[in-house]
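What follows is a short report on a single structure.
The values are calculated or read from the model by the stated rules, or taken from the named source; none is laboratory data. Computed from a predicted structure; not experimentally measured. All Cβ positions, glycine included, derive from the backbone under ideal geometry; neighbour counts span all protein chains shown. We work out accessible area using only protein heavy atoms, side chains counted, and drop any ligands, DNA or RNA first. Shrake-Rupley method; radii C 1.70, N 1.55, O 1.52, S 1.80 Å.
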Amino acid sequence: MSTLAGKHIVLGLSGGIAAYKAAELCRALVKAGVTVQVVMTQAAEQFITAVTMQALSGRSVYTSQWDPREANNMAHINLSREADAIVVAPASADFLSKLLHGGADELLSLMCLARPLDKVPLIVAPAMNREMWHNPATQRNVAQLKADGIHVLEVGQGDQACGENGDGRMLEAGEIMQDLEAFFADKSLAGKSVLVTAGPTYEAIDPVRGITNLSSGKMGFAIARAARMAGAVVTLVAGPVHLPTPRGVLRVDVLSAQQMLDAVQQHVGEADVFMATAAVADWRPANMADQKIKKDGSTQTPQLNFVENPDILLTVTQSPRAVSGELFCVGFAAESHDLLAHATSKRIRKGVPLLVGNIGPATFGQDDNTLLLVDESGARELPHGHKQALAEQLIADLAQRLQ
Ligand code: C5P
């Protein structure tokens, strides 16, 4: 379940071409179980209609401080008192400037000014041309808004509606959703640094062929995202997978087990926690052919010799920081049967305080899973659920262990 479920959010739109993304954001919020009250400035109405936003939010939209629907005619007070947060997306350069100065000449800015500071956070997603974004006036405003306690989301980078290319695009709806979900999550790993391995490895046979496995990386990516949501600094060493990088996570892409070990050794020094979710190939071809191995018409099939790959987790658990307990290591086990017995013996063999077991064939590539948490005192099941939900439960469990 999303951390946003059950929340009431006032979604404010100021004027900007990114207003079309607000429609998608509204839809995503509603899908996550949020009740959304849309408030639009007159400028926003130049870009998208209140009809669209009403249809997507299922609530009539407010566009004026003189809205007679409110019995006391104080929409700015009533709307802001009900909200768990006000999210302004897009937040134009002009709207940021207005917020900074406490302007209140239309409903959205009036409502932001009138919000109870201790109860209703204000989150803004800036959207503007790159020159406007980099203008010292805007940068000054952003710095002061942050100092005033307003949560200013990052801007995206790329092609802009004006034809230029650079910083200032509003984040995509999915990115804003991730930031909002992180905003409402418990910061149980604040100040911690977490290193995660995820996905399969790829062991080359020749320049066009290799050996890999069915791991999708979804569980590891979900764990990296959950750790980030919990406030940790997260590095994700990823084998070859087609998954988007979770927001705010440093991703290091690798192919082979040896490259994964090298990347882990490069980053593990700063980590407080190492979580090895990757399905690392146990063996690799002893020699990679320089050229594609061709069929030569004979009946002779190619002979492959294998050498054992390094065990990344075991290498880390045998390091002095892990042995002293300064680095907390979590291992994973993908089994096909007898999960408890295999996970229990693997925990001891790998020398980890916590080993997380799952049934590989049942979960590879799927969006859901069941986890078995095995430690020295026994086992606890995290029942079947979405990998993201399980990852968040696992991170909550981990945070308690670190206390
Ligand atoms: O030995 P096995 O592959 O079953 O162990 C699984 C655990 O060990 C996982 O946490 C996996 O990421 C890690 N592992 C590793 N390096 C290897 C093999 C497994 O880090 N070469």
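Structure notes:
- Any hit, the stretch 292-312, residues being aliphatic (A, V, I, L, M), open to solvent by less than 80 Å² (accessible area, probe 1.4 Å), within 14 Å of the ligand (Cβ to nearest atom) and within 30 Å of Ala227 (Cα to Cα): yes
- Matching residues, the stretch 121-134, being open to solvent by less than 40 Å² (accessible area, probe 1.4 Å) and closer than 16 Å to Val152 by Cβ: Pro121, Leu122, Ile123, Val124, Ala125, Pro126, Ala127, Met128, Trp133
- Here the condition is being touching a Pro at 6+ places or on another chain (Cβ under 7 Å) and small (Gly, Ala, Ser); of Gly239, Gly269, Gly248, it holds for Gly239 alone.
- Test: Pro320 is surrounded by fewer than 14 Cβ atoms within 10 Å (Cβ to Cβ), modelled with pLDDT under 95, closer than 29 Å to Asp262 by Cβ and in the same structural domain as Asp262 (by TED's automatic domain parsing): no
- Scanning the stretch 125-139 for residues that are under 27 Å from the mean Cα position of the chain (by Cα), farther than 18 Å from Ile150 by Cβ and not in a helix (DSSP H, G or I) yields one hit, Asn129.
- Filtered residues of the stretch 138-157 (kept if open to solvent by 40 Å² or more (accessible area, probe 1.4 Å) and in contact (Cβ under 8 Å) with a residue 12 or more places away in the chain): Gln144, Asp148, Gly149, His151, Glu154, Gln157
- Residue check, Ser92 under 24 Å from Asn135 (Cα atoms), among the hydroxyl-bearing types (Ser, Thr, Tyr) and touching a helix residue (DSSP H, G or I) at 6+ places or on another chain (Cβ under 9 Å): yes
- Residue pairs whose Cβ atoms lie under 8 Å apart, separated by 6 or more positions or on different chains, with the first residue in the stretch 314-327 and outside any helix (DSSP H, G or I) and the second buried (at least 16 other Cβ atoms within 10 Å of the Cβ) and aliphatic (A, V, I, L, M), are Ser319/Val268; Ser319/Leu327; Leu327/Val268; Leu327/Ala271; Leu327/Val273; Leu327/Val316.
- Considering residues of the stretch 349-371 that are open to solvent by less than 10 Å² (accessible area, probe 1.4 Å) and in a helix (DSSP H, G or I) only, the residue farthest from Ser188 (Cα to Cα): Gly360
Conditions (1) of a type in the set (Phe, Trp, Tyr); (2) more than 14 Å from the ligand (Cβ to nearest atom); (3) in contact with a helix residue (DSSP H, G or I) (Cβ under 6 Å, 6 or more places away or on another chain), marked per residue:
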| position | (1), (2), (3) |
| --- | --- |
| Gly217 | no, no, no |
| Ala226 | no, yes, yes |
| Ala230 | no, yes, yes |
| His242 | no, yes, no |
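- Condition check for Val374: modelled with pLDDT of 95 or more, within 23 Å of Thr212 (Cα to Cα) and crowded, with 20+ Cβ neighbours inside 10 Å: no
- Subset of the stretch 269-289 that is surrounded by fewer than 20 Cβ atoms within 10 Å (Cβ to Cβ) and modelled with pLDDT of 95 or more - its residue that is farthest from Asn358 (Cα to Cα): Ala286
- Criterion: assigned to a strand (DSSP E or B) and either surrounded by 14 or more Cβ atoms within 10 Å (Cβ to Cβ) or among the small types (Gly, Ala, Ser) (or both) - qualifying residue of Ala333, Ala341: Ala333
- For Lys21: the one exception among (1) among the basic types (Lys, Arg); (2) touching a strand residue (DSSP E or B) at 6+ places or on another chain (Cβ under 9 Å); (3) open to solvent by 70 Å² or more (accessible area, probe 1.4 Å): (3)
- Hits in the stretch 34-69 - residues which are aromatic (Phe, Trp, Tyr) and closer than 19 Å to Asp84 by Cβ: Tyr62
- The numbered conditions (1) small (Gly, Ala, Ser); (2) closer than 17 Å to Thr212 by Cβ; (3) away from the ligand (no atom under 13 Å from the Cβ) are all true for Ala271 except (2).
- Search result, residues across the stretch 158-171 that are open to solvent by 40 Å² or more (accessible area, probe 1.4 Å) and assigned to a strand (DSSP E or B): Asp159, Asn165, Asp167, Arg169
- Yes/no for Leu340 being within 8 Å of the ligand (Cβ to nearest atom), of a type outside the set (S, T, N, Q) and over 22 Å from Val208 (Cβ atoms): no
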